[in-house]
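Structure first, commentary second.
The values are calculated or read from the model by the stated rules, or taken from the named source; none is laboratory data. Just so it is clear, the model here is predicted, and its values are computed rather than measured. Every residue, glycine among them, receives a Cβ derived from its backbone with ideal geometry; neighbour counts consider all protein chains shown.
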Amino acid sequence: MLIGLAAALVACFGYGTASVLQAYGARSAAAKDAARGTVGSTTASGAPSLGATIRAALTPAFLAGMVLDGCGFLGSVVSARLIPLFLSQTIMSANLVVTAVLGVVVLKVPLRWRDWVAIATVVVSLCVLGFTSGHIGEDDPGTAVHWGVLAFSVVMVVLGLVLIHVLGARGAVAAGLVAGVLFGAMAVAVRVVNGVDPFHLALILRDPAAWAVAVAGVGGFYLFTVALQIGSVTGASAALVAGETVVPGIVGVWLLGDTSAPGLGWLVVVAFVGAVGGAIAVALFGAAESGEAAEPAPERS
């Protein structure tokens, strides 16, 4: 239990710091493209092109963020196997606070009182979820779940790409949310994949859940990178939190047998609503502030 909690905390700080570094790298790459007058850096809808996204991913800050993402991923894998998913994912989702605070220092992103209220709501709700957690489920969910999580991951990747194409520069929150859902699906896949304990590589490679980890991980990473390029780091991260918390939490209880503390199921539901509501509020506030910043200042007469 303690190892699982520690691993979730490592993931929390790793992901939170990585988001800010990646946002910094994405913005610096976009600024260089604009200064050089690079052709084809955006699509017709205003979304960044694949080439622009690749250039952003190759900046030193973004690469450093990827290293921290790797540490976060290892922490998320360990925690997903040792503690209930609604607990491991909510602890990791507290990276929103890390992102918001570092965003103020590194990216000069201002936070208003309403942002702090929403963040406080998320943090309190996550703490309540931690105290109301029970035992990790040990039931075999069956082959259908393994194939289901792979199919779901593929569908969500396609949906995310379509939303980016349609919404363009206005799709930061949508891209962040779909990325979060994919990371949540990845957590479920990590939890159910066969051949991990004891380790058996051939068994892992034959399991659809293992391929779901790859599809959801790569798809979520790409979509979140795009979200950081086109919108507020706080808003994109908050949307990510909502997606990666709700999906695995519900699946863990419904299909995998994760439990809450006896008699506290109602409090788990309340805390879940608080965490998701607060995250969505920060996402909307962040998106609004990003839009306001993008509007040109009126000319003075």
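The number of residues in region 227-262 being out of contact with any helix residue (DSSP H, G or I) (no Cβ under 9 Å at 6 or more places or on another chain) and surrounded by 24 or more Cβ atoms within 10 Å (Cβ to Cβ) comes to 0.
Annotation for region 97-104: at least one member residue is under 30 Å from Val253 (Cβ atoms), part of a helix (DSSP H, G or I), modelled with pLDDT under 75 and in contact with a Leu (Cβ under 8 Å, 6 or more places away or on another chain).
When the test is whether a residue is under 16 Å from the mean Cα position of the chain (by Cα) and modelled with pLDDT under 75, Val39 does not pass it. Considering Ala144, Ala151, Ala100, the condition of being among the small types (Gly, Ala, Ser) and touching a residue at least 40 places away in the same chain (Cβ under 8 Å) is satisfied by Ala100 alone.
In the condition set (1) in contact with a helix residue (DSSP H, G or I) (Cβ under 7 Å, 6 or more places away or on another chain); (2) within 27 Å of Ala57 (Cα to Cα); (3) not hydroxyl-bearing (Ser, Thr, Tyr), Ala214 is compliant with all but (1). Residue pairs whose Cβ atoms lie under 6 Å apart, sitting 6 or more positions apart in sequence or on different chains, and linking a residue in region 181-193 that is part of a loop (DSSP other than H, G, I, E, B) to a partner that is crowded, with 24+ Cβ neighbours inside 10 Å, are Val193/Ala209. Looking across Gly160, Gly75, Gly148, Gly70, one residue alone is surrounded by fewer than 23 Cβ atoms within 10 Å (Cβ to Cβ), within 16 Å of the chain's Cα centre (by Cα), small (Gly, Ala, Ser) and modelled with pLDDT of 85 or more. It is Gly70.
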